[in-house]
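Everything on this sheet refers to the single structure shown next.
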Amino acid sequence: MRNILVLFFFLTALAMQAQTSKTTETQRDRYGHITGTAVTTTKSDGTQETVYKDRYGHITGRSTTKQYSNGRTETTYKDSYGHVTGTSTTRTTGNRSETTYKDRYGHITGSSATKPDGKRTTTTYKDRYGHITGTSTTNKE
């Protein structure tokens, strides 16, 4: 009986390890020096938790992302003390996605719209008044 109990706990621990995954992203400046890292842990329920660190390894912030079945994704951003600094809500329809950014008080600070165009994906950023502030293009290979 004792062996069965030990085996059960061992398999449970093994299964819990298999249900999470980690991804590390390293940010570098134009000279190749590391400016920070972002470590994202994806849990079995699809929730993603990201920890942001500066070049010295100090935590500068965190974010939690939850995806819902209706195509909506909500992200909450927190500073190093755990205070909410802002949120973003992304709605995906087909192959387009629109994101609204809000500050800690719930006021809209900007938005972005991403749409694919052949082998490229273009994101347009707007301020709180709807004026375009920038664009970015990602090329697929």
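Tally up the residues in the range 67-122 that are at negative phi and not in a strand (DSSP E or B), please. Count: 11. Could you please find all residues in the range 27-46 being open to solvent by 60 Å² or more (accessible area, probe 1.4 Å), in a strand (DSSP E or B) and either among the small types (Gly, Ala, Ser) or touching a residue at least 12 places away in the same chain (Cβ under 8 Å) (or both)? Passing the criteria: only Ile34. So, Gly130, is that one assigned to a loop (DSSP other than H, G, I, E, B), open to solvent by less than 50 Å² (accessible area, probe 1.4 Å) and either more than 26 Å from Asp54 (Cβ to Cβ) or among the charged types (D, E, K, R) (or both) or not? Yes: the conditions hold for Gly130.
Scanning the range 71-94 for residues being over 18 Å from Thr114 (Cβ atoms) and either of a type in the set (A, V, I, L, M, F, W, C) or loosely packed, with under 12 Cβ neighbours inside 10 Å (or both) gives a total of 4.
The values are calculated or read from the model by the stated rules, or taken from the named source; none is laboratory data. Since the model is a prediction, treat every value here as computed from it, not as a measurement. We place every Cβ from the backbone using ideal geometry, glycine too, and count neighbours over all the protein chains shown. Just the protein is used for accessible areas: all its heavy atoms, side chains included, with ligands, DNA and RNA removed. Shrake-Rupley method; radii C 1.70, N 1.55, O 1.52, S 1.80 Å.
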